[in-house]
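What follows is a short report on a single structure.
The values are calculated or read from the model by the stated rules, or taken from the named source; none is laboratory data. Here the structure is a predicted model, which means the values were calculated and not measured. Glycine also receives a Cβ, built like all others from the backbone with ideal geometry; neighbour counts cover every protein chain displayed.
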Amino acid sequence: PRSGPRRVDSAATPQTAQQQAPSEPRDALDAQMDEPLRTALRVDLGCFVFATAEVPDARVVHVNIGCGVVVPMTHGEANAFLLKKEALGKQEVQRLNKEMLRVKYRIRLVTETLRQLHQRYVQAGGGGGSASRSK
């Protein structure tokens, strides 16, 4: 006879709902997450003046979503929001870079055209040199 643990076929032994999903005690990390996280930090009041502040519950952060609107979010929600905002910011940077290249190209085109026109004018004798003074 075998003395080790035996493999039991789950289909052969019916289990109650309580046996299928035993309620495990929460670990220490989950217990800590239920308690408010108290955090002390320094807040910039402006002009390099700082004050010490205590945050009574750091589980919720307040995120400025724009136009002066501040929304309380959990850390996960804030992270997801900021990732989306970062992606939009990168798209805006790419769009502005393309626009900058278009404007730079147009400036170069106009500058080159003006240079060519100036050369034609000088070659045609309209430069205002000594020939116009002698008359």
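Descriptive notes on the structure:
- Tally, over segment 73-85, of residues that are surrounded by 12 or more Cβ atoms within 10 Å (Cβ to Cβ) and either in contact with a strand residue (DSSP E or B) (Cβ under 8 Å, 6 or more places away or on another chain) or in contact (Cβ under 8 Å) with a residue 60 or more places away in the chain (or both): 4
- Filter result for V93 (closer than 30 Å to T39 by Cα, under 17 Å from the mean Cα position of the chain (by Cα) and either aliphatic (A, V, I, L, M) or part of a strand (DSSP E or B) (or both)): no
- Residues of segment 67-118 that turn out to be under 21 Å from D57 (Cα atoms) and among the basic types (K, R), as a count: 0
- Near pairs, Cβ below 9 angstrom, 6+ apart or cross-chain, from segment 51-62 (farther than 11 Å from R38 by Cα) to any residue that is among the acidic types (D, E) and loosely packed, with under 10 Cβ neighbours inside 10 Å: A51/D44
- Qualifying positions in segment 46-69 - of a type in the set (A, V, I, L, M, F, W, C), surrounded by fewer than 10 Cβ atoms within 10 Å (Cβ to Cβ) and in a strand (DSSP E or B): V49, A51, V69
- Hey, V69 more than 30 Å from V55 (Cα to Cα) and either modelled with pLDDT of 95 or more or out of contact with any His (no Cβ under 8 Å at 6 or more places or on another chain) (or both) or not: no
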